[in-house]
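My questions will all concern the structure given below.
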Amino acid sequence: MLGAYLEGNVGNWGDAGVITAFPHFDHHEPVIPEPSPEGRRRYRTIWISDIHLGTRGCNAEMLIDFLDSTDSETMYLVGDIIDGWRLKKKFYWPPAHNDIVWRILKRAKRGTRIVYIPGNHDEMFRQFSGLSFGGVEIRRAAFHETADGRKLMVIHGDEFDGVMLAHRWLAFVGDALYTATMGLSHWVNVVRRRLGLPYWSLSKMAKHKVKNAVEFIYRYEEVVARAAAARKVDGVVCGHIHTAEFRMFDGVEYWNDGDWVEGCTALVEHFDGSMEILHWPEEMARRQARAERALGEADETLACAA
């Protein structure tokens with residue numbers, strides 16, 4: 001399995017053998033069985049990023065639910081899919097993380113075009129840009145044309161993060177603090193689940209409350225949008241800052257697909273070219289509410305019949 005392979009090679013990311021293991025991964029069966037693709041929501045394109053496989057903060061079960069509920073002609077993996085920073089420090093790879101990789105490779109096998117743009121946490125895969133493995137294309141960046149003819153640049157986005165560019169050491173300090181916050185958030189949600197409460201992100205709330213974080217996010221969005229304008233495209237899709245968002249900057253579309261650690265969001269393109277950010281915890285809550293209503297209505301019908 002991939003987890004065992006990574007554990008044996010975690011100190012040697014530069015070895016091309018890390019890549020050659022992936023094409024054979026779809027020979028294994030997932031621990032969480034995949035339901036039939038029938039009945040899934042169909043989209044033209046799906047963008048997801050910042051999954052951070054190999055960390056406890058990854059909401060693997062929620063992402064599996066998303067993958068089992070949706071399908072698309074093209075899927076972009078917009079960086080930080082595997083967290084090499086964390087795996088180098090401490091190995092962590094539960095079966096659910098295997099299941100996510102299995103599902104992605106299974107999509108490629110079924111004919112979905114999968115484009116993987118490594119980020120800063122999985123930068124060890126950037127050296128393989130231009131190659132394909134297991135039906136997954138690795139690219140440093142990509143350009144996507146929507147159904148209605150708009151051209152979008154697709155990048156992870158760490159290229160435009162001032163902290164990453166000027167003070168890489170500070171980025172690692174920030175990552176350690178972020179990991180501690182996510183650990184606290186995990187236990188908060190363990191308690192919430194036992195109380196029957198929905199998922200809630202502590203770090204997401206904190207970012208929206210702290211003025212400096214809000215200012216950083218806005219500056220980042222503006223810089224990325226300007227870079228897209230300089231490349232004469234209509235917009236940009238990125239990840240990196242774990243904040244799903246749509247903004248317009250001087251006629252340039254800025255889309256961030258968010259993450260699967262805090263917000264659990266994805267960006268999708270419908271078949272008419274329109275785009276939408278899906279907040280999956282809310283989607284799951286609505287689905288649960290519909291199921292409970294249907295069950296209640298069925299109980300009422302049976303009571304009336306009796």
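Throughout, read-outs are computed from the coordinates displayed, never taken from laboratory work. Because the structure is predicted, anything quoted here is derived from the model rather than measured. Positions of Cβ are generated from backbone atoms using ideal geometry, with glycine treated the same way; all protein chains shown enter the neighbour counts.
Which FRET efficiency value, to the nearest 0.05, is calculated for residue 61 and residue 303 with the Förster distance at 45 angstrom and r the Cβ-Cβ distance?
Once rounded, the FRET efficiency stands at 0.85.
Quick check: from the Cα gyration tensor, does the stretch 21-118 come out rounded (a/c under 1.5), prolate or oblate?
Note, shape of the stretch 21-118 comes out prolate.
Need one number: convex hull volume per residue for the stretch 216-299, Cα atoms only, in Å³.
Expressed per residue, the convex hull around the Cα atoms of the stretch 216-299 is 115 Å³.
Identify the trypsin sites (Lys or Arg not before Pro) of the stretch 54-90 meeting these criteria: DSSP loop state and at most 11 other C-beta atoms within 10 Å of the C-beta.
Taking the stretch 54-90 and a limit of 11 other Cβ atoms within 10 Å, the loop trypsin sites (Lys or Arg not before Pro) found are 90.
Please find the FRET efficiency linking residue 113 to residue 292, where r is the Cβ-Cβ separation and R0 is fixed at 41 Å, and quote it to the nearest 0.05.
Working: r = 37 Å, r/R0 = 0.91.
That pair, residue 113 with residue 292, gives E of 0.65.
Which of the three applies to the stretch 258-306, rounded, prolate or oblate, going by the alpha-carbon gyration tensor with a ≥ b ≥ c and a/c under 1.5 meaning rounded?
Oblate, because a/c is 1.5 or more while a/b does not exceed b/c.
Around residue 143, with a cut-off of 10 angstrom between Cβ atoms, what is the net charge of the other residues, counting Lys and Arg +1 and Asp and Glu -1?
So the surrounding residues net to +2.
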